[in-house]
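Worksheet: one structure, shown below.
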Amino acid sequence: MVTEFDELENQIMAEMKRIYTETVIDHAMNPRNVGSIPGADGFGSVTGACGDTMEIWIKVKDGKIKDVAFWTDGCGTSIACGSIATEMVKGRSIAQALGVNQGEILEALGGLPEDSLHCTLLAADTVKAAIQDYLALKKEPWKKSYRR
Ligand code: FES
């Protein structure tokens, strides 16, 4: 039996599929690497022009990102961007991960509507901030003990 709720859910899903790619919907509804990493080697927190914030934690071993987690209070698209950006940097060297940019995230998602493009920038900027924090802590490791 199809209920009114089922019909509404189908309508919403059909509208989402009209606007977003399968990849965006998948990463927004089943985000990977959500959470935080206690004692992370690098942490970035960026608030975008829209007022939403993303945070990314990285754990580094032998010059490669071994583990990564993200959190955001942003829109569904920002969740998809954080999810795919963290998947993209996992296993990469620090130099390769620093190269992840807005265009690469956008391409991996299969595109986004014009008014969601800034969400990819938020994810790219937060990845960069986490890596820059890692590099700064490498120079002054004693600062890590002041982290909460
Ligand atoms: Fe703010 Fe998407 S609207 S990150």
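Read the figures in this text as sums done on the coordinates, not as results from a lab. None of the values given here were measured: they were computed from a predicted structure. Here the Cβ is made from the backbone with ideal geometry for all residues, glycine too, and neighbour counts use every protein chain on show.
Just a few scattered comments:
- Residue in the stretch 85-96 that is closer than 21 Å to Glu22 by Cβ, away from the ligand (no atom under 11 Å from the Cβ) and crowded, with 23+ Cβ neighbours inside 10 Å present: yes
- Applying the criterion of being farther than 15 Å from Ile84 by Cα and among the acidic types (Asp, Glu) to the residues of the stretch 17-61, the residue that is surrounded by the most Cβ atoms within 10 Å (Cβ to Cβ) is Asp41.
- Failed item in (1) surrounded by fewer than 20 Cβ atoms within 10 Å (Cβ to Cβ); (2) within 16 Å of the ligand (Cβ to nearest atom); (3) of a type in the set (A, V, I, L, M, F, W, C); (4) over 14 Å from the mean Cα position of the chain (by Cα), with Ala14 passing the rest: (2)
- Taken over the stretch 103-148, the criterion of being of a type in the set (S, T, N, Q), more than 11 Å from the chain's Cα centre (by Cα) and within 16 Å of the ligand (Cβ to nearest atom) is satisfied by Ser116 alone.
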